[in-house]
Amino acid sequence: MSIAIVIIFLTAIGALLLGLLARRGRDMSLEEWSVGGRSFGTVLVFILLAGEFYTTFSFLGASGFTYGKGGAAYYILAYLTLNQVAGYWILPGIWRAARRERLVSQAHFFVRQYDSPGLGVLVAAVGLIALLFYFVLQLKGLGIIVGIASYGAIPPSVSVWVGAAIITAYVMVSGVRGAVWVAVIKDVLILTVVVFLGIYLPLHYFGGYGALFSAVEQAKPGFTILPPKGNGVVWFQTTVFVNAVGGYMWPHMFAAIFTAKDARIARRNAVVMPLYSLMLLFVIFVGFTALLRVPGLSGDDVDLSLLTLTVQTFNPWFIGVIGAAGLLTALVPGSTILTAAATMLANDVYRGVIRRDLTEASVNRLARAMVPLVTLVGVFFALKGGTTIVGLLLMGYNFIVQFLPAAAFSLRARNPVTRQGAFAGILAGTVSLTALTLTGATPVDLLPFLPAALQDVNAGLTALLINLAATGIVSLVTQPRPVLAASES
Amino acid sequence: MLPRLLSLVPFIGLLAGIGFANRVEPRILGMPFLLAWVVGWLFISVGVMAIVYRLDPTNRANDDEAGG
């Protein structure tokens, strides 16, 4: 057995123990389990959010995307920055509503803001689909990382099962507290590893960043900026916009805000968080280095570029450290995703529709029982294969941004959107998004008089506009009239 | 009102500015101009949002949202 496997294995055990110990001294009520009893200060909220934002995606997906698409990968830095600017304004309102109503999940927020359990079920359903994409992405990443870092000794199917079992165990016991404590180690480790790789590899192979980019431009002219078509300027702008305004609509990020003990924590984090996303710059450097040093990867395999390059460059013990960091970047988001998904299934689907009279304690037990179930579905899809990591992520973002109009309007003093409007908007947005994704249709196909440049508009944005139109029209029609207000159910 | 307007500035740089910035030369610190532009705006955004945080009156008031 190589030293790399030993390091990865010890890290996995360490994460499991830390995750299990995280519940110590806490009475694990539903509120404690799913949103940490709303008691986290600035640092813990930062770690939790950083743990969720910077995932296997930051590690493998961003370098793979750079390897495969070049300059288009800069979209990641741009949206992570703008996402925080948007978060500054939207998060405090969400936090206040959550505290007032003692909310435990995103779907719960919609139930209370619109006084509609039906809307909660719709949000939970769409949210669960998007979370599944994200979860599968983490598990796939986990399989790749451990597979390569163990020099092929551990096949993806084994590491996916073992990783999934670890997450399931500590999430069932400690919920969001387990996630945040594992995130502490994860953040330190990944930051160190990524910054080191991003500085060392370009220097080692090219002598500097200038030489690296000159070499890339020489091999593939125009590759370090946006191409005229496809992943070009319009694609960049619309994708950054959708991801930026929609980023916090991920059910697990939405719920992560509930853990803060006051609203200013959310604002403070929004100010400093972009500095942390500079880490992705180093990943982009690695992606370009890999392009020239380990050429020939295509399709799904671009996600392997960072690891292939590191295996070629470093000793086994360091590969083990990288593998361990990669493992943790899958475990942390995986665990908050599981917590959010299980909470929504128990609190908003089961209690919302089937058993209204369920007590808090029963919901709590049920939520924990749901955890292995969600894990199994994730493992199933992760082992089935398909699309690249970024492909999965972009798809998930396009779904969850459909929650934005109903969520944002509900924070206004007088909400112009009715519950029917909110329902129709989210439904129209997600249905049209599914249709657009399956058929590959663009706005130009639907409305031929539009300029051809709009060919590359992000499908999520098109669906968002349809969503807004549906929200507006249905809200107008169903606007409660004062006289009839009493008879409204 | 001013803080809200200020926070639109990063959107201008990172969305509207991209068409203008999509070029390799001039290089900055070895990076293609587009990448340097995005990184530069990341720093500008943090600066702008730090100012927004200080100007925003809700961050001074203690009462309405302090937790316990």
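Overview of results
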quantity: Other-chain or far-sequence residues with amide H under 5 Å of A:Tyr151's (modelled H); calculated: none
quantity: Computed [θ] at 222 nm, deg cm²/dmol, the protein assembly as shown (DSSP H ≥ 4; -39,500 (n - 2.57); rounded to nearest 500); calculated: -22500 deg cm²/dmol
quantity: Principal-axis tilt of helix A:117-149 within chain A, Cα atoms, nearest 10 degrees; calculated: 10 degrees
quantity: Peptide ranges A:132-145, A:207-220 listed from the most packed, as the mean C-beta count within 10 angstrom indicates; calculated: A:132-145, A:207-220
quantity: For chain A: rounded, prolate or oblate by the Cα gyration tensor [a/c cutoff 1.5]; calculated: oblate
quantity: Counted charge near A:Val43, where neighbours are those whose Cβ lies closer than 13 Å (Asp, Glu -1; Lys, Arg +1); calculated: +1
quantity: Count of Lys pairs (Cα-Cα under 19 Å; at least 8 positions apart or interchain) in the protein assembly as shown; calculated: 5
quantity: Cβ-based net charge around A:Ala98, under 11 Å, with every Lys or Arg adding one and every Asp or Glu removing one; calculated: +4
quantity: Integer Hz, Karplus 6.51/-1.76/1.60 couplings in order for segment A:403-411, x for Gly and Pro; calculated: 7, 4, x, 5, 5, 5, 5, 5, 8
quantity: Average beta-carbon neighbours from other chains, 10 Å sphere, peptide A:277-283; calculated: 2
quantity: Average other protein chain Cβ within 10 Å of Cβ, residues B:17-23; calculated: 5
quantity: Karplus-derived HN-Hα couplings along segment A:348-360 (A = 6.51, B = -1.76, C = 1.60, θ = phi - 60°), whole Hz, x at Gly and Pro; calculated: 9, 8, 5, 5, x, 10, 8, 10, 4, 8, 4, 7, 4
quantity: All Cα pairs of segment A:347-388, percent lying beyond 18 Å; calculated: 44 percent
quantity: On Cα atoms only, tilt of A:75-101 relative to the major axis of chain A in degrees; calculated: 30 degrees
quantity: Cα-based shape type of segment A:204-281, given that a ≥ b ≥ c are square roots of the gyration tensor eigenvalues and the cut on a/c is 1.5; calculated: oblate
quantity: Phi to ³J(HN,Hα) by Karplus 6.51 cos²θ - 1.76 cosθ + 1.60 over segment A:274-289, Hz, x for Gly, Pro; calculated: x, 4, 5, 6, 4, 3, 5, 4, 5, 5, 4, 4, 5, x, 5, 4
quantity: Per-residue average of Cβ from other chains inside 10 Å of A:235-248; calculated: 2
quantity: Ranking of A:Leu306, A:Leu131 by count of other Cβ atoms within 10 Å, fewest first; calculated: A:Leu131, A:Leu306
quantity: Gyration tensor (alpha-carbon) shape descriptor, segment A:1-105, a/c threshold 1.5; calculated: oblate
quantity: Ranking of A:Thr308, A:Thr66 by count of other Cβ atoms within 10 Å, fewest first; calculated: A:Thr308, A:Thr66
quantity: Relative contact order (%) - criterion: Cα under 8 Å, at least six apart; region: chain A; calculated: 30 percent
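A short reminder: the numbers here are calculations on the coordinates, not readings from a lab. Nothing here was measured: the structure is a model prediction, and the numbers come from that model. Cβ atoms come from the backbone with ideal geometry, glycine included; neighbour counts cover every protein chain shown.
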